[in-house]
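In what follows, a structure is listed as structure tokens, so that the remarks can point back to it.
Nothing in this text is a laboratory measurement; each read-out follows from the coordinates by a stated rule. Keep in mind that this is a model prediction, so the values were computed, not measured. Here Cβ is always computed from backbone atoms with ideal geometry, including for glycine, and neighbour counts include all displayed protein chains.
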Amino acid sequence: MSKRNNSYLYLVIILYSIMGNSQDNLSKIKNEILNSDFNVPYSCKIELSELIQPTVGVKTIAKDDRDINIGSSKIGGKPDLPINFNWPKMDNEFLTFCAQYNLEEINIYDVSNKLPASGIIYVFIYIDKEWPGFLNKKNSYKVIFQENTDELIRTEFPLNYFGEGIFEPSKIEYFESYTMPDDESTILKNFQDSYEDFHDFYHSTYEYIQHLTELDIDSFHQVLGYDRSIQSSVTYSFAEIELEITTQDEWNTKKSEILELSKKYQLLLQLETDGNNLDKFGGSSTIYFGMDPKDLKMKNFDNVIMAFQGT
């Protein structure tokens, strides 16, 4: 057998192993829910078990940029970009490079095939120097999908780039994970209202997921799945931003519209600012990116929406 065939066979074995483990772990999580002794009807446990969503877990390892291969997933450092890349700007100032996600590395964990099979997703965000902090308004951030990754180069920052926005590099590694809808989401509202045990039941399931996988419930990095929000479900925040809600009175008036609009969003990824010195501008917070699943299917990243949540 040729080396090429050997390599192909090895890859197939790895893929089947990962897929098999994923199925095994998903079954284990569902069985844990069904066999739990919390005071929740069995029919509801079945319904809840079907809500579990495969998710791509993210862990970061601090490394020198020179020790991270060009095109690999990473936070901070210098980006790996195509030649003649048009660096995004706001008000004639360069946005700050935050992270890049290599989709070939993610692909084997994206069991629902929601993302493109290859390419890189880049995240750029404008830093308000007067505040100072990441700015969330129209044109203050850009999520860019680059499909062709054949000729990437590690790119120097542009002249007049905001130097304090150069973040310490960390390599990203992915792992199999699972998430549930946010416990305050409309999806789980009836469970919350109906069962006293629901809160303990919900959190014990996440503890079990943490036991089975490499999920760290104190780390909010993530790709796909349900949002793991610090406050209420971030899909509400996406809807509020789209509707330009700025006051509590507006929220109260448009509550039903917010709840309905929130259902259209798919979480794309979560980027935690606690580390890589991103916390200089984000504090102890998480940056969430969401999009319409129809746009994701069409590889249209122009309408990605961003929200922040923090403690």
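Using Cα pairs closer than 8 Å and at least 6 residues apart in sequence, work out the relative contact order for the chain, in percent.
Relative contact order of the chain: 20 percent.
Restriction of the GluC sites (Glu not before Pro) in the range 231-311 to DSSP coil positions whose beta-carbon has at most 14 other beta-carbons within 10 angstrom yields E244.
For the range 110-165, which trypsin sites (Lys or Arg not before Pro) are in a loop by DSSP, counting at most 11 other Cβ atoms within 10 Å? Here the sparse-neighbourhood loop sites are K137, K138.
Most tightly packed first, judged by the mean number of other beta-carbon atoms within 10 Å of their residues, the peptides 209-216, 75-82, 117-124, 222-229 read 222-229, 75-82, 117-124, 209-216. When the charge dipole of the chain is built from unit charges on Cβ atoms (+1 for Lys and Arg, -1 for Asp and Glu) and taken about the Cα centre, the candidate among S232, I245, L152 whose Cα reaches farthest toward its positive end is L152. Counting only residues at least eight positions apart within a chain, or on another chain, the aspartates and glutamates with an alpha carbon under 14 Å from that of K63 are E168, E173.
With a cap of 16 neighbouring Cβ atoms within 10 Å, and only residues DSSP puts in a loop, list the GluC sites (Glu not before Pro) found in the range 42-99.
Hits after loop and neighbour filter: E50.
Positive end of the dipole of the range 23-310 (Cβ unit charges, origin at the Cα centre): among N25, P181, I287, the Cα lying farthest that way belongs to I287. In the structure shown, the pairs K142/K294; K142/K171; K138/K171; K263/K299; K137/K264 are assessed against 26 Å; a Cα-Cα span above that value is assigned to K138/K171.
Counting only aspartates and glutamates at least 8 places from K45 when in the same chain, those with an alpha carbon closer than 18 Å to its own are E32, D37, D182, D183, E184, D193, E196, D197, D200, E207.
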